[in-house]
Every structure is written in C-alpha cells, then in structure tokens.
1. What does the charge count near I152 come to, summing +1 for each Lys or Arg and -1 for each Asp or Glu among other residues with Cβ under 13 Å from its Cβ?
2. Take F290, F100 and order them by how many other Cβ atoms sit within 10 Å, fewest up front.
3. Just to be sure I understand: of the beta bridges DSSP finds with both ends in the chain, what percent are antiparallel, rounded to 5?
4. Would you kindly calculate the translational diffusion coefficient of the range 296-399, applying Stokes-Einstein with the Kirkwood radius from alpha carbon pairs, for 4 °C and a viscosity of 1.567 mPa s, and quote it in µm² s⁻¹ without decimals?
5. Give me the Kirkwood hydrodynamic radius of the range 424-497, using the inverse of the mean 1/r over all pairs of distinct Cα atoms, in Å to one decimal.
6. Give the whole-number value, in cubic angstrom per residue, of the convex hull volume spanned by the C-alpha atoms of the range 364-485.
7. Quick one: net charge of R495's neighbours, Cβ under 9 Å, K/R +1, D/E -1?
8. Kindly write out, for the range 250-255 in residue order, the coupling ³J(HN,Hα) from the Karplus curve 6.51 cos²θ - 1.76 cosθ + 1.60 (θ = phi - 60°), rounded to whole Hz, with x marking Gly and Pro.
Amino acid sequence: MVATRREFTYMQPALDQAQTPFLDSLLVEKHRWQTSFHMPGHKGTLEPDPKLVDYWGGNIHPADLVEINGIIDYLHAPKGALKAAQELAARAYGADYTFFLVNGSTVGNITSIMATCGRGDEVIMPRASHRSVYGGVVLSGATPVYVAPDYIAEVGFPLATDPAAVTQLLAQHQHVKAIHVTSPNYYGYLSDVAQIAELAHAHQAAMLVDEAHGSHLAFHEALPASAVQLGADMVIQSTHKTQSALTQGSMLHCNDGLVNVARVAQILALLQTSSPSSIILASIDAARQFTATRGNELLQQALQLAQYAREAIRDMQNLWCYGEDLVGQKGIYAYDPTKLVIRVNETGWSGFEVYNKLRYEHGIDAEFADLKHVICSVTMGDTELSILKLINALRAISQEDSGKPVLNYAFALPTTLPEMVMSPSDAYFAPAKTVSLEQSLGEICAENIIPYPPGIPIIVPGERVQREHLDYLLYIRSKGSGVVGPEDRSLSTLRVVTTS
C-alpha cells in the first residue's frame, strides 16, 4: 500500500545501508500529486522548456519538492528521514556525525574553520589550500599560519603537508586552534593525516581535513584510509566528485572530541541556502547507499582500469604517469591509484594544450591540467571502453609531432610567501581602491588572486604585492591558466587597501 501523508510515519530503521530513507520519503510525496498553492512557482505541473527537458533527459519539475510539504524533512532541523539518512552516512563513512551539504565542499571547508577558530585565532594550513579554506579564514577572522609550499621538482607543485613542518610551526605558535590540510589533493596524493592529527591533539587543536577528492577512500581495502578513520575531527568530502551524487552534493563528517556539533549545525544554517534542493539531497542519500552496497565491487574495477591505463601510458613515448614513485618525497604518505597524473611536456605541448587536444580532437574531458600535466580521474562510472578511448587518444597524441621544442617549464617559482601585513579578514573588508597592475607593487592586496585550476592563491588579502609573485602569475596566465578572485578578470588592475 502506498502511504499517504497522514498514514506516513517515519520509523527509525536499523542501520541498513541498503535503505534510502530520505529518497523514499520524497517518492511518497511525489506520487501523492497534491495540488500546490506554494513554491516553487512551476508547481510541478508547468511544462519546462523543451531544451531543458532535452538537457535533463526528462521533466524533473515534479521531483522539485520543498520542505513546505509536511512529509519532507528539513536540512537545517532534520528530525525524521533526512536525520536517518545522515546517520546511515555517518555509519557508512565511519564518523560520529554527518551533515549533508548542498553547497559543495566549499561550505564544508568554510564551516570547519568558523566552527573551530574565531577572530585572531591561528590556524595552520598549507599555502596550497583550496580557495574555500581562505574563505573560511576571511569569514572567521582567523590568522593563517602557512606551511610553506614544498615543491616536488618533477611536478612543480606541492603535493602534501610534511608533519615535520607542522611540528616546527606548532613550536613557534602557541595559540593554534586548528590545523587544516588537503588530503588527497587534486593530484591524488595524501599526507600523513594520522601523525598530523596526533600533533594537533597534543596541542588541543582541531584536525580539519579537506578530503573533497577522497569520498571513496573508505570503501576499498586497496585505497589509502580516509581521514575519518585517522583521528581527524572534521572531514569534508565531495560526494559528487568521486561518487554518484549530483554536483554540489557533499558531506561534512565530525568526530566526537574537540568539535561542538551543535555549533557546526548553526554555522551551516547560516551559510547554506534556506531552500535546499531535495534533488541534490536525494542524490547524496542514493550515492551513500550505492557506494556502501556496491562500492567495493566497482572500486575494484576502477582500480584495475586505472592500473591498466597507468601501465599503458608509461609505455608511450614522451608520456609518463606518476604513481607510487613519488611516495616518500616531501611529506607524501600515500597516493590514490584512481588518479592518473600524466606528464605531457616532453611532447612539446603544455598540459593545457594536451587538455584541449583531448577535448576538441578526441572527445575526452580531463579533470584539469597544469603546465606539465593532464590529470584524469577514474571512478566507479568508468568502463573498459572509456579507458581504452583515453589510452588510444593519448597514444595518438604521443606519436604526433608537435613541431615545438621540449620545455620542462622550469620557471622560477616564488621562493618566499608574500609578506602578510594585515589579516585576510581585515584586508578583505577594508576600504580599497583600484590601481593598475604595476601600481599595485608594494601595496596591500584587498582581493584573492587565484590561478584556477587548481585554486591555490598566489596572493591573498592582507599581503603585500611583490614582483616575483606578479611575474609568476603573468607567466602561468600566458600558458593558459585561468584566474578567479579579482574583480578585474583581465588582471589589468587590482584592488588594494586604501592606506590613507
């Protein structure tokens, strides 16, 4: 019998990972076909634009349900089906508490900083942190203490946070409230989270981990362990990045100890929309169920496909695919074999150029590119056919004469971090003026300057603009990198703090 609203009473199930309690509650309401006199304006009956139907693969208006329907549990005060779905997720990922996120891992990173740090509190973080972590610093008023970039020579990018560097910073700073690291990073490399967590807890600091690219780690024994199991207090995962949730669908996991979970809920209610998408939330519930029940099997397939691709790429002329060969360098503790980090510069093309060749000549979209590499992510959604298509495309590119000299793109990276004159929060909200790029030299920057991908700032608010950082920024921009953060996307001007 199909339950009606009056008959439907959510009963707390045993923690059976085959269940999808929130999705089930939405289906009950969808099939009631109520006459709506509330939002959304399409009321589930207005026909969408045919182009939208083509884009969606069907009409999803009837599924666009909102919490005003009494049966639908509310993200910011879950009491029934959504609460049960989050409890199932906590059990599946090994956390004490789990929050569903509809604003991506961005809101999880911001929340993790705001929940553990206040104005003037210190947070240790790698300079190579995602821009959302910097957003958390700005909104919390915290003072960042940077782990300086420790570049891997072959890659030209810092890939991990060395516990030795954290130990040194903890000895120098007595008021650290949190340590925030990214593990795994865009390139699939992991830090020794367990050891860094021990260091954090010895100083009564919270251990925060941006694990946006590692939501799958807990579901196969051949993968590195998730930070949730390694002593981290808060772990942020993008369920949409390596699982099957819709884009923006993410999770924030909390473990008992140093984190006030009620405070976390308050901050999420402040930052996330008050009109959460049931469609995104349902996809998170379903992704958890799918990964918890079938993830091990499909991750085994993904691991085999990734290994096959890695070996094939290593046999191609002018290409190389990194893996275990970087483990042990510069704080790298482990790597995720499902990430293919492909060095391409020996073809004569840059990573950006090969990325575009894959897209426009071979119908393949890579995860992202940098000057020397193209990075491809293998997931549970891949098949032998998709992997063979990638291998064949890369082989064709490797055999093609670029007509260009081989460059290793060994442009001198900035040797020091910019001087921090003001806290990022103070500078971000300070009176500012717009000046030309050249006039900005020596001034205090009032905005983020972030090459994207992978979203690591060159200059952040409160730092003095210096020549070597501008030169590096202009160089990578000339090679195809985008930039986010500044008001002027052409980067001909910058906003700087008005000092008089």
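Computed from the coordinates by the stated procedures, all read-outs in this text should not be read as laboratory data. Please read these numbers as outputs of a predicted model, since none were measured by experiment. Backbone-built Cβ (ideal geometry, glycine too); neighbour counts: all protein chains shown.
1. Neighbour charge sum, excluding I152 itself: -2.
2. Least to most surrounded, the residues fall as F290, F100.
3. Once the DSSP bridges in the chain are tallied, antiparallel ones form about 70 percent.
4. Taking Rh from Cα pairs, D becomes 94 µm²/s.
5. Taking the inverse mean of 1/r over all distinct Cα pairs, the range 424-497 comes out at 12.0 Å.
6. Given the Cα convex hull of the range 364-485, per-residue volume reads 146 Å³.
7. Computed value for this residue: -2.
8. 9, 9, 10, 9, 10, 10
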